[in-house]
Amino acid sequence: MKLRPIAGIVLRQIYLLRGSPVRLFPMITWVAIDIVLWGFITRYLNSVSGSGMNFVPTLLGAVLMWDFGTRIMQGVSTAFLEDVWSRNFLNLFSSPLLISEYVIGLVITSVLTSSLGLVVMLFLATAVFGLHFLAMGAALVVFLLVLFVFGVTLGIAGSAIVLRLGPASEWLLWPLPAVLAPFAAVFYPLATLPHWMQAIARCLPPSYVFEGMRAVLAGRPAPIGLLAPGAALAGGELVIAAYVYCRVYRHAVRTGLLARYSAESSG
Amino acid sequence: MSTVNPARGDDGVALRIQNLGKRYGGVAAVDDVSFHVQRGEVVGLLGPNGAGKTTTINMVLGLLEPTTGTVRIGHVDLRENRVAALSRTNFAAVYAALPGNLTVTENLRFFGLLYDVRGLRRRVDELIEEFDLTHLRHTKCGLLSSGEQTRAALAKALINRPQLLLLDEPTASLDPSAAQIVRQKIKSLATADRCGILWTSHNMYEVEAVCDRVLFLSHGKILLEGNPKILPGLHGAATLEDLFIRVAREPLAERTGDSS
């Protein structure tokens, strides 16, 4: 594996942002809207609940972390889709670029683009709604790491779907976070879900993160018993997603799908 | 029939394809094809639509896995060492334009990094000057005319100083003047840089002007091979175009029976 091809994939995205700064707009706008909307909802809940419970960290903190994960996923997918949209597969995959180099380039690109969104979210949530995000302590690093790995996994899996099913399947990719959100127990304890949904939730690393977050915010110690399996699951699913992507790529090379991809992209 | 210059020896082989085949179910898109391209030689891959030309090129580029056979670029087997093999090659095709949302310079830098080109800044400047793209270097490729896009694609195809260059109908969208300039560039590239070139085209005038040797492909098989200036006379055709039309319309069994 070489660094320069990876740098090429990242540089390409930087060129795109430099050439068309309007691309920065969606990276900032949607997360800002989410934080503002949920910020006011939490304020309202605080004012009417009368329980003395502070909804800001549990709800707004959850929104911030879930958005971070989904932006990572979208960063990977969008960087991949740039090659679909610009019909660049023939030039790209006839070069000596390794699939691992390509995927690592997509992930680094995603880190850069989603970091921007994270900074905006943190600023708004802290300055406007008084969220003390760092109060979660060292556990926060693990929470974000697991969500990062989960976002990368979803991005790779989504890209594999598009590579296998063709450019028209792009619409399957975008609703993935919304479909998974109810199972991930972002806003409510896992026990709220019916048993069959809990079974699915246990396969999703974010459910461990959000359970852990609620425990920490309730003043309990960082639940290693929750975070360890969550992190292991995230790592395992990442390996599976990367394996699936490689298999799909191999299939595309064997069947001629990759060579036909440019023609299909134009349709 | 082969026009390989024995003086060059076998060391100068840019591409060697042996028993290459690609089957889709029961249909053979490419059927037991063997040929080679010497360094410094321009070989035309001719044939009607669906003959297997692009399938062959895609297999050489690693975009399509052969069902049978081997592809060696220089002395490197593509299946055994994909990175080393593809580092020695490059391609340009009318259907594989450079990303239109990057400028000419950005595209060349991007692909230069993918090919791990050393001294990239200098190489990009050289190619921009060589292909008369200086005034367009900061223009997005999507805004270039067909001729300018072809020049940019050729500049990208040479970014890694390939030993083997694959050109799939590179002049298809060009006016005669622009096509002539591109042909001259490619011809001089083969002679000056000793680059082996595999060229597909439907323009027989162009093939005759540029290619040292041609291969006629039909139904996935090589039917004829030879010097494009001599080949028509050997087969009782007035021109290369007449020969092309005859080969394209002839039933495969008749031709293969004839050649055996």
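What follows is calculated from the coordinates using simple rules that are stated; it is not laboratory data. Everything numeric here is computed off the predicted structure, so don't read it as measured data. When we count neighbours, we look across all protein chains shown, and the Cβ atoms used for this are built from the backbone with ideal geometry, even at glycine.
Scanning residues 5 or more positions from B:Val94 or on other chains, those with amide H under 5 Å from its amide H are B:Asp168, with H placed 1.01 Å from N in the peptide plane. The relative contact order of chain A comes to 24 percent, based on Cα pairs under 8 Å that sit 6 or more residues apart. Alpha-carbon geometry of segment B:97-161: the Rg and the Dmax are 10.3, 30 Å, given in that order. The alpha-carbon positions of segment B:107-260 define a convex hull whose volume is 135 Å³ per residue.
Listed values for segment B:214-226 are Karplus-derived 3J(HN,Hα) couplings in whole Hz (6.51 cos²θ - 1.76 cosθ + 1.60, θ = phi - 60°), namely 10, 10, 8, 10, 8, 6, x, 10, 7, 9, 9, 8, x, and x replaces Gly and Pro.
Only helices enter this figure: runs of n ≥ 4 DSSP H residues, each worth -39500 (n - 2.57), summed and divided by the residues of chain A, yield -25000 deg cm²/dmol at 222 nm to the nearest 500. Residues B:Lys221, B:Lys53 in ascending order of nearby Cβ atoms (within 10 Å, fewest first): B:Lys221, B:Lys53.
D by Stokes-Einstein for the protein assembly as shown, Kirkwood Rh over Cα pairs, 4 °C, 1.567 mPa s: 50 µm²/s.
Mind checking the angle between helix A:61-85 and chain A's longest principal axis? C-alpha axes, 0 to 90 degrees, to the nearest 10. Value to nearest ten degrees: 10. Here's how it looks for B:Gln38: its modeled amide H is under 5 Å from those of B:Ala14, which are all 5 or more places away or on a different chain. Per-residue mean of foreign Cβ neighbours for B:57-67 is 5 (Cβ atoms of other chains, 10 Å radius).
Here B:Lys221 is the anchor, and the lysines within straight C-alpha reach of less than 26 Å, apart from those fewer than 8 places off in the same chain, are B:Lys22, B:Lys53, B:Lys229. Close amide H contacts of B:Arg213 (hydrogens built in the peptide plane, cut-off under 5 Å, sequence separation of 5 or more or a different chain): B:Val42, B:Gly44.
Against chain A, whose longest principal axis is taken from its Cα atoms, helix A:3-19 shows a tilt of about 70°.
Peptide B:135-142: average number of partner chain Cβ atoms within 10 Å per residue?
Mean inter-chain Cβ contacts per residue within 10 Å come to 1.
Cβ crowding within 10 Å, taken as a proxy for footprinting-reagent exposure, orders B:Met204, A:Met53 from fewest neighbours to most as A:Met53, B:Met204.
What list do you get for A:Tyr261, B:Tyr205, A:Tyr15 if you sort them by fewest beta carbons within 10 Å?
With the sparsest Cβ surroundings first, the list reads B:Tyr205, A:Tyr15, A:Tyr261.
Rounded to the nearest 10 degrees, the inclination of helix A:224-255 to the longest alpha-carbon principal axis of chain A is 20 degrees.
Taking R0 as 35 Å, what FRET efficiency do you get between B:Lys185 and B:Ile245 from their Cβ-Cβ distance, rounded to the nearest 0.05?
FRET efficiency, B:Lys185 to B:Ile245: 0.75.
With a 10 Å cut-off around each Cβ of A:8-16, the average count of Cβ atoms from other chains is 5.
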